[in-house]
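What follows is a single structure, written as structure tokens, with notes after it.
The values are calculated or read from the model by the stated rules, or taken from the named source; none is laboratory data. Note that the structure is predicted; figures quoted are calculated from it, not measured. A quick note on method: Cβ atoms are made from the backbone with ideal geometry, for glycine too, and the neighbour counts reach across all protein chains shown. Just the protein is used for accessible areas: all its heavy atoms, side chains included, with ligands, DNA and RNA removed. Shrake-Rupley method; radii C 1.70, N 1.55, O 1.52, S 1.80 Å.
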Amino acid sequence: MSTVQGRLRIAIQKSGRLSERSLDLIRDAGLKWVKGANDLLYKVENYPIDLLRVRDDDIPTFVADGVCDLGIVGENVLEEDKNGGSHAEVVMPLGFGRCTLKLAVPPTMTYAGPRSLAGLRIATSYPKILQRYLDDQGIGAEIVTMRGAVEVAPRLKLAAAICDLVSTGATLEANGLIAKETVLQSQAVLIKSPTPPEPALQHLLDSIVERMAGVVSSQGAKYVMLNAPRSALDAITAILPGAGAPTVMPLMGRDDAVAVHAVCQEAVFWETLEKLKAAGASAILVLPIEKMM
Ligand code: ATP
Ligand code: ZN
């Protein structure tokens with residue numbers, strides 16, 4: 001495969017846990033495409049960009065090699081793919097696809113910390129990450145690499161423990177396993193090739209990255225407007241979650257009160273509104289933010 005002249009390429013997971021949210025992000029960044037007959041490639045209509053739909057395991061290599069300019073992949077896959085060669089650069093975390101790589105053991109095992117795993121067999125789909133973890137801890141254990149169904153390994157006596165991805169813990173529970181250690185916290189990340197695109201496309205690449213950053217940071221962010229007594233301004237600003245310097249404006253005909261507008265980067269709960277009210281705020285409005293740059 002070689003890079004098509006005049007077009008950028010973004011690698012995304014074809015079908016799996018990251019597919020939908022990856023396409024949402026790309027759509028929110030203003031890209032439009034038609035699902036063509038070509039299953040591997042979606043052609044973006046309004047920009048010279050193609051979406052390459054592949055297995056997630058292939059994404060780090062495609063981006064590292066410059067076959068694709070950008071990619072969306074789990075940190076777990078990126079870490080496992082790490083080797084001595086050229087590698088993709090992480091641009092930013094995307095806030096979805098969160099999961100944790102955990103060590104888990106059967107309840108019958110006497111467990112007193114990672115040392116208890118010394119000399120045992122551990123099944124995983126992430127041998128490199130696990131090996132690094134064990135090395136860091138100074139533990140010698142045998143790693144059994146499995147492509148999937150890692151959680152059945154202890155029952156089949158293939159291994160004494162497992163190291164697997166967990167999001168809710170339901171799969172572990174269903175297999176009678178207990179999570180003990182966190183080996184890696186993961187979420188989807190945007191990655192960028194170390195090879196720059198052809199010069200004519202650099203500006204487009206930068207602008208797509210900037211738009212995606214805007215989409216990610218506006219997620220969950222809210223615009224809060226309220227009226228406050230001047231005397232309560234400090235207390236009220238302190239309650240607003242994740243707000244930078246708020247805008248403070250005079251209210252017509254009122255010397256003792258002001259209007260406060262702030263972008264809150266964190267969720268604004270009912271409890272927050274109640275606290276604001278108790279501190280003297282009134283006419284509180286919480287609005288969604290559609291775009292941010
Ligand atoms: P592919 O066919 O593309 O190789 P896959 O089976 O390897 O797919 P998925 O199960 O779709 O991959 O998971 C993709 C990514 O989603 C994982 O690598 C991980 O980053 C993330 N993820 C989020 N929650 C979980 C979870 N509970 N279990 C596994 N992966 C999860
Ligand atoms: Zn995969």
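Accessible surface computed residue by residue for segment 1-149, with neighbouring protein chains in place and a 1.4 Å probe, gives 50 Å² per residue.
Reducing segment 260-293 and segment 142-156 to their Cα centroids gives an inter-centroid distance of 48 Å. This model, with +1 at the C-beta of Lys and Arg and -1 at the C-beta of Asp and Glu, gives segment 173-293 a dipole about its Cα centre of some 160 debye.
The angle between the Cα long axis of helix 199-218 and the longest principal axis of the Cα atoms of the chain comes to about 70 degrees, rounded to the nearest 10. Suppose a student asked you for the relative contact order of the chain, using Cα pairs under 8 Å spaced at least 6 residues apart; what percent would you report? Relative contact order here is 19 percent.
Measuring how big segment 53-134 is from its alpha-carbon positions, Rg and Dmax come out at 16.0, 48 Å. Using the alpha carbons alone, the radius of gyration of segment 233-285 stands to its Kirkwood radius in an Rg to Rh ratio of 0.95. Shape descriptor for segment 140-189: Rg over Rh equals 0.95 (Cα atoms; Rh from the Kirkwood inverse mean 1/r). DSSP finds beta bridges in the chain, and of those with both partners inside it, around 75 percent are antiparallel.
Percent of alpha carbon pairs in segment 1-42 separated by more than 15 Å? Counting pairs separated by more than 15 Å, the tail of P(r) holds 51 percent. Its Cα gyration tensor gives segment 1-81 an equivalent ellipsoid; the semi-axes, largest first and in whole Å, are 19, 15, 11. In summary, the aspartates and glutamates within cross-link reach of Lys14, defined as a Cα separation below 14 angstrom excluding same-chain residues under 8 places away, comprise Asp24, Asp39, Asp50, Asp56, Asp57, Asp58. Once segment 118-255 is represented by equal point scatterers at the alpha-carbon sites, with solvent omitted, what log10 I(q)/I(0) does the Debye formula produce at q = 0.11, 0.12, 0.16, 0.19 Å⁻¹? Each listed q maps to, in turn, -0.75, -0.79, -0.91, -1.06. When each of the peptides 245-252, 263-270 is scored by the mean number of other C-beta atoms lying within 10 Å of its residues, the order from highest to lowest reads 263-270, 245-252. Helix-only arithmetic for the chain: the sum of -39500 (n - 2.57) across DSSP H runs with n ≥ 4, divided by the residue total, places the mean residue ellipticity at 222 nm at -7500 deg cm²/dmol.
Cross-link partners of Lys128 among lysines, defined as those whose alpha carbon lies under 18 angstrom from its own and excluding same-chain residues fewer than eight positions apart: Lys82, Lys102.
Taking the Cα atoms of segment 99-186, the ratio Rg/Rh between the radius of gyration and the Kirkwood radius comes to 0.91. For the chain, the convex hull spanned by the alpha carbon atoms encloses 192 Å³ per residue.
Only the Cβ atoms of Lys and Arg (+1) and of Asp and Glu (-1) were treated as charged; on that basis the dipole of segment 99-186 about its Cα centre amounts to roughly 140 debye. The HN-Hα couplings worked out from phi for segment 62-76 by the Karplus form 6.51 cos²θ - 1.76 cosθ + 1.60 (θ = phi - 60°) are 4, 6, 4, 7, x, 5, 10, 7, 10, x, 10, 8, x, 4, 4 Hz, whole numbers, x standing for Gly and Pro.
Charge dipole of segment 222-288 (Cα centre as origin; +1 on each Lys and Arg Cβ, -1 on each Asp and Glu Cβ, all else neutral): 100 debye, rounded to the nearest 20.
Relative to the first principal axis of the alpha-carbon coordinates of the chain, what is the inclination of helix 127-137, with its axis defined by its Cα atoms, in degrees from 0 to 90 and to the nearest 10? It works out to around 80 degrees.
Compared with the alpha-carbon gap, the fully stretched path from Leu158 to Ala283 is longer by 38.7 nm at 0.36 nm per residue. For segment 222-288, the per residue solvent-accessible surface stands at 61 Å², with DNA, RNA and ligands left out and a 1.4 Å probe.
The accessible surface of the chain, taken with every protein chain in place and a 1.4 Å probe, is 53 percent carbon and sulfur.
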